[in-house]
Amino acid sequence: GEYHYRSSEGQSLWYEATGAGCGVSVAMAGEGDIMEMGGYGDDSRFVSELDPRQAAEDAVKRTALVLGGKPLPTGRYDLVLDGEAAASLIDVIGELFLASSVHKNRSFLKGRLGEQVASAALTLVDDGLLKRGLGTSPFDGEGVPRSCTRLLSSGVAEGWLYNLKYALTDGVKSTGNGSRALSGTPDVGCTNLIMEPGEGTLKDLFIRVGSGIYVTELMGFHTLNPVSGEFSLGIKGTSVSGGAPGGAVSGMTIAGNLKDAMMNIDLVGNDFRFYGSTGACSMVIRDVAASGG
């Protein structure tokens, strides 16, 4: 499609962009009345880069993995998050760096630039200039050129994401993260959130963890308190025993504080890929409270 921007100050900008996606939903039956719903999707700038067959295979594998899942005993576990689960976590972390969240006291990172707020294993950037990125464009919703902003560097908070309003308030330049719909006033939003990959494979992470839970789905991030960091999330996945995935797990809840979870990210995998406009890879979070059977 075409995107046009015009302002009362005479600014006139436009660009063209394409986008495509495919998704597969799966309903799978097990023994008796056991049922599991799942799915998987793929997004790209171009239809030619989509792989519906692979999306279907991934949807079936992910659904079969958790079919008939049961809760593990309540306790504290090391978690191995797959890339998709990690991406959902990265999305939440990214929102803490929006200048609008900071000024509205909706981010526990307020006043902590330059401090160690996450594990040294975590580096995160917002790149509005990424080639073929789904969040890429030449300018933002206010006509400001996009840019690449480093948010976390080895766990140290480095910068906020700005639109014109909050940049003026803080006496800085906009980072080109102005976001707006056809109606309403401009806000601040992320573009392409990118987590820097580590060195180990997913199998390596299982071996390093030894025993824990492999999480393929996190549910309920809308309940997270961005001021205190408190969260309570449903999970699905498998157990990890002897350094390998085990039986299916579901019906469990993990709870804690995002401040601690960010500091307890111990390992990051090398299986980087994009989930929409968020680039992530598998990761290990140590010592998380989980309630189950």
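The values are calculated or read from the model by the stated rules, or taken from the named source; none is laboratory data. No experiment lies behind these values; they were computed from the predicted model shown. Positions of Cβ are generated from backbone atoms using ideal geometry, with glycine treated the same way; all protein chains shown enter the neighbour counts.
Below is a table of values for the structure above.
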quantity	calculated
Condition met for Glu84 (at pLDDT 95 or above, out of contact with any helix residue (DSSP H, G or I) (no Cβ under 7 Å at 6 or more places or on another chain) and not aliphatic (A, V, I, L, M))	yes
Segment 201-260, residues that are part of a loop (DSSP other than H, G, I, E, B), in contact with a helix residue (DSSP H, G or I) (Cβ under 7 Å, 6 or more places away or on another chain) and at positive phi	Gly229, Gly243
Verdict on Gly30 being within 30 Å of Leu122 (Cα to Cα), surrounded by fewer than 20 Cβ atoms within 10 Å (Cβ to Cβ) and small (Gly, Ala, Ser)	no
Strands (runs of 3 or more DSSP E) within segment 62-162 that include 1 or more residues of a type in the set (Asp, Glu) and closer than 21 Å to Met283 by Cβ	75-81, 124-127
Flag for Leu13 being of a type outside the set (D, E, K, R), assigned by TED's automatic domain parsing to the domain that holds Met262 and either under 21 Å from Gly246 (Cα atoms) or surrounded by 11 or more Cβ atoms within 10 Å (Cβ to Cβ) (or both)	no
Residues (touching an Asp or Glu at 6+ places or on another chain (Cβ under 8 Å) and either crowded, with 17+ Cβ neighbours inside 10 Å or in a loop (DSSP other than H, G, I, E, B) (or both)) located in segment 41-61	Asp42, Leu50, Asp51, Ala55
Which numbered condition Ser183 misses (of (1) closer than 28 Å to Asp43 by Cα; (2) of a type in the set (S, T, N, Q); (3) within 21 Å of the chain's Cα centre (by Cα); (4) part of a loop (DSSP other than H, G, I, E, B))	(3)
Any hit, segment 74-90, residues being over 25 Å from Gly133 (Cα atoms), in contact (Cβ under 8 Å) with a residue 40 or more places away in the chain, outside the structural domain of Gly141 (by TED's automatic domain parsing) and exposed (fewer than 13 other Cβ atoms within 10 Å of the Cβ)	yes
